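Presented below is the structure to which this report refers.
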Amino acid sequence: MGQYFSNEDLKSNIQKFNVDILGHRYSFFTDNGVFSKDKLDFGTRVLLENIPLSILHGRILDVGCGYGVIDIILGKIVDAEFLGVDVNRRALHLADMNKKENKLNNVSFLESSCYEKVEGKFNYIITNPPIRAGKKIVYEIVMGAKDYLEDNGSLFIVVRKEQGAKSMIRDLEKIYKVEVLNKIKGFFVIKCDLD
């Protein structure tokens with residue numbers, strides 16, 4: 001996983017795949033050194049298919065955006081302003097390519113380690129956190145979200161049962177009002193509201 005965070009020397013091999021989700025078709029460029037380079041990750045699909053889209057509005061932040069899947073898929077459907085942040089420069093370059101490929105103007109991307117360069121507050125934060133980066137980073141994303149959410153904002157997370165979903169829920173409940181929206185094939189989709 002170390003190469004994800006420092007993949008400048010990894011040989012590039014840009015590829016493209018199409019995906020149908022939420023009634024639309026999308027095209028994504030991917031490359032070596034990015035998460036889920038061959039297809040839409042199942043956990044991300046479960047997250048996107050279980051977020052209550054009708055409530056989304058305003059400013060939406062995707063932490064650990066990779067090559068922009070969440071922002072681009074939701075950006076086509078939801079009237080909102082999307083910002084995706086990631087540490088992986090290659091993924092961010094692909095995210096910009098994917099934004100153009102899918103003809104979106106309401107999506108932007110920024111290189112940032114978690115919230116390091118994020119400014120302002122958001123109505124919603126959405127994340128499929130990088131579990132392989134370790135608990136410290138994952139918790140920095142999910143627990144730190146409270147400082148970047150508007151008072152009535154929500155955090156949406158997807159996490160697998162075997163990757164610590166139940167213990168994460170217990171920890172989240174210390175600072176958020178937590179609701180499990182769905183459980184599909186071991187993936188928990190979690191909504192966290194500020195108390």
Restricting attention to region 85-110, and to residues there that are touching a helix residue (DSSP H, G or I) at 6+ places or on another chain (Cβ under 6 Å) and without any contact (Cβ under 8 Å) to a residue 40 or more places away in the chain, which single residue is farthest from HIS24 (Cα to Cα)?
ASP86
Could you tell me whether LYS136 is crowded, with 20+ Cβ neighbours inside 10 Å and either touching a helix residue (DSSP H, G or I) at 6+ places or on another chain (Cβ under 9 Å) or basic (Lys, Arg) (or both)?
no
How many residues, within region 23-55, are assigned to a loop (DSSP other than H, G, I, E, B), small (Gly, Ala, Ser) and under 18 Å from CYS65 (Cβ atoms)?
2
Any idea which of GLY68, GLY120 is on the phi > 0 side of the Ramachandran plot and either surrounded by fewer than 19 Cβ atoms within 10 Å (Cβ to Cβ) or of a type in the set (Lys, Arg) (or both)?
GLY120
Of all residues in region 27-48 being free of Cβ contacts under 8 Å to residues at least 40 places away in the same chain and within 13 Å of the chain's Cα centre (by Cα), the one that is surrounded by the most Cβ atoms within 10 Å (Cβ to Cβ):
LEU48
Test result for ILE169, out of contact with any helix residue (DSSP H, G or I) (no Cβ under 7 Å at 6 or more places or on another chain) and among the hydrophobic types (A, V, I, L, M, F, W, C)
yes
Condition first: in contact (Cβ under 8 Å) with a residue 40 or more places away in the chain, under 21 Å from GLU140 (Cβ atoms) and in a loop (DSSP other than H, G, I, E, B). Now tell me which residues in region 56-67 satisfy that.
GLY64, CYS65
Surrounded by 15 or more Cβ atoms within 10 Å (Cβ to Cβ) and of a type in the set (Gly, Ala, Ser) - does that describe any residue in region 186-193?
no
For GLU111, are the conditions met, namely being surrounded by fewer than 17 Cβ atoms within 10 Å (Cβ to Cβ) and touching a Leu at 6+ places or on another chain (Cβ under 8 Å)?
yes
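Each value in this text was obtained by applying a stated rule to the coordinates, not by laboratory testing. Since we're looking at a predicted model, the values are computed, not measured. Here Cβ is always computed from backbone atoms with ideal geometry, including for glycine, and neighbour counts include all displayed protein chains.
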